[in-house]
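Have a look at the structure below before the remarks.
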Amino acid sequence: MLGTLSKDKSNRVRSALADNPAAPASVLRSSAGSKGMRKKLAANPATPHDTMALLAVDPDSHVRIALARNAGAPASVLAKLARVNDRYLRSCVAENKNCDLPTWRLLAADVYVRKHVAENEAAPETILKQLSSDADEDVRRKVALNRATAAGPEPS
């Protein structure tokens with residue numbers, strides 16, 4: 001049925017498919033070429049990873065931001081987005097729980113987004129430990145508030 005709806009004459013009906021996490025990969029892939037659908041596809045956690053990889057280089061920053069916020073975005077796509085010269089985009093990547101260790105390291109070294117890493121409960125303990133001694137008080141405060149921050153041994 002969703003395959004039939006993907007060919008519907010109504011743009012609103014086809015657009016709704018891009019929002020549907022139950023839509024089959026083939027339907028989602030076929031929507032990727034449509035300008036109005038790309039942001040919706042970027043936000044849909046069911047979008048196939050190969051389609052997400054294409055959306056990671058989309059010229060529309062709104063598409064890339066939606067992708068960075070997508071809980072289904074794979075680490076490889078987030079790694080690409082973390083290297084884009086756009087502070088806001090990188091901060092959205094830093095808030096995603098799917099980053100790999102090299103991406104966490106890159107973002108933790110970024111003066112503009114490291115506070116977002118510090119508050120992400122998925123950030124590795126080694127990264128949180130590094131940020132706990134950051135020169136920026138706000139970054140240290142975010143680590144202190146992070147529920148994933150390990151208690152560790154008390155200083156003597």
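The values are calculated or read from the model by the stated rules, or taken from the named source; none is laboratory data. Treat the numbers as computed from the prediction; the structure is a model and nothing was measured. Counting neighbours? That spans all protein chains shown, and the Cβs are built from the backbone with ideal geometry, glycine included.
Taking the criterion of being under 17 Å from Leu67 (Cα atoms), at pLDDT below 75 and surrounded by 14 or more Cβ atoms within 10 Å (Cβ to Cβ), the residues of the range 19-39 that qualify are Leu28, Arg29, Ser31, Ala32, Ser34.
Considering the range 78-132 alone, what residues qualify as being hydroxyl-bearing (Ser, Thr, Tyr) and over 12 Å from the mean Cα position of the chain (by Cα)? Across the range 78-132, the qualifying residues are Tyr112, Thr126, Ser132.
Note on the range 76-89: among residues that are charged (D, E, K, R) and closer than 20 Å to Leu54 by Cβ, the one that is surrounded by the most Cβ atoms within 10 Å (Cβ to Cβ) is Lys80. Taken over the range 141-150, the criterion of being assigned to a helix (DSSP H, G or I) and more than 16 Å from Lys97 (Cβ to Cβ) is satisfied by Arg141, Val143, Ala144, Leu145. Scanning the range 114-140 for residues that are part of a loop (DSSP other than H, G, I, E, B) and either in contact with an Asp or Glu (Cβ under 9 Å, 6 or more places away or on another chain) or surrounded by fewer than 21 Cβ atoms within 10 Å (Cβ to Cβ) (or both) yields Glu119, Asn120, Glu121, Ala122, Pro124, Ser132, Ser133, Asp134, Ala135, Asp136. Residue pairs whose Cβ atoms lie under 8 Å apart, separated by 6 or more positions or on different chains, with the first residue in the range 1-22 and β-branched (Val, Ile, Thr) and the second surrounded by 13 or more Cβ atoms within 10 Å (Cβ to Cβ) and modelled with pLDDT under 75, are Val13/Leu5.
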